[in-house]
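Below: one structure, written as structure tokens.
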Amino acid sequence: MVTSTVALPRDSAQVRALLDSPEIASLITQLESLHWTGRPGYPVRAMVGLALVKGLHTLPTWTRTVALVRDHAALRNALGAVPSVDAAYRFVAKLRKHDKLLTACIDAVIASLHDAEPKMGQTIAIDGSDLPAYGNGQRFVKRGGAERKKFADPDASWGHRSSISTRSGGGYYGYKIHAAVCTTTGLPVAGRWRRPRTRNCLSCRCCLTRRSVAASGRTCACWTVAMTLR
């Protein structure tokens, strides 16, 4: 079972524990059984572990993630290898083709968290936020020219975000995240991303509510949906 901790430790012991958890170990086994074609690569456990390190340390690029693992012996031992940057990008591209396995793993992790935190999911809040892409996504072909039709990241798009205390509002290039979060534990219950140009609708956020309640297997006692999103 995955241990529920809001302030998640980011050391090698935590990475090893996550890799050895039944949910992620099952994902690794399923990925190993796919028999991907091509030259023999790095172990699947090392590639999944690299993805965990990137998420736990909130690193923006695979280059920095690989450098971190290369410089820390404990992380190298937990993963069993130091994958290359190119291997990380190839692994992610292949992993996207098997998103159902990832979804099943996430659902299993959420179910384990509910067992560890009985109050999780009883009170949830749903809201959206901007998520800038790593690429800058030049909006126009040239200064004063036509708006660009093709971008380096085809999944992202240009959108508008409101101002906050640390920055002004305006256009940005990236994604929009809709998330349902348990207000008691601070842990995410469900989520989905959309292009910023896709208009936010109440039905989208209500869909998240139904998903979060279904994942918890319980009746949601209270939920709040933000109504002021663009």
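From the set of residues in region 93-118 that are among the β-branched types (Val, Ile, Thr) and touching a residue at least 24 places away in the same chain (Cβ under 8 Å), which is nearest to residue 41 (Cα to Cα)?
Filtering first and then ranking leaves 109.
Yes or no: residue 13 part of a helix (DSSP H, G or I), exposed (fewer than 15 other Cβ atoms within 10 Å of the Cβ), small (Gly, Ala, Ser) and at pLDDT below 90?
Spelling it out, residue 13 is indeed part of a helix (DSSP H, G or I), exposed (fewer than 15 other Cβ atoms within 10 Å of the Cβ), small (Gly, Ala, Ser) and at pLDDT below 90.
Would you be able to tell me the number of residues in region 57-70 that are under 21 Å from residue 133 (Cβ atoms) and either surrounded by 13 or more Cβ atoms within 10 Å (Cβ to Cβ) or not polar (S, T, N, Q) (or both)?
Here the count works out to 7.
Given the condition of a type in the set (Phe, Trp, Tyr), surrounded by 15 or more Cβ atoms within 10 Å (Cβ to Cβ) and assigned to a helix (DSSP H, G or I), answer yes or no: does some residue in region 82-92 qualify?
Yes: region 82-92 contains one or more residues that are of a type in the set (Phe, Trp, Tyr), surrounded by 15 or more Cβ atoms within 10 Å (Cβ to Cβ) and assigned to a helix (DSSP H, G or I).
Let's see how each residue does on (1) assigned to a helix (DSSP H, G or I); (2) of a type in the set (A, V, I, L, M, F, W, C); (3) within 30 Å of residue 21 (Cα to Cα); (4) touching a helix residue (DSSP H, G or I) at 6+ places or on another chain (Cβ under 9 Å):
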residue	(1), (2), (3), (4)
113	yes, yes, yes, no
119	no, no, yes, no
124	no, yes, yes, yes
130	no, no, no, no
135	no, no, no, no
138	no, no, no, no
145	no, no, no, no
155	no, no, no, no
159	no, no, no, no
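The values are calculated or read from the model by the stated rules, or taken from the named source; none is laboratory data. Just so it is clear, the structure is predicted and the values come from calculations on it, not from any experiment. Here the Cβ is made from the backbone with ideal geometry for all residues, glycine too, and neighbour counts use every protein chain on show.
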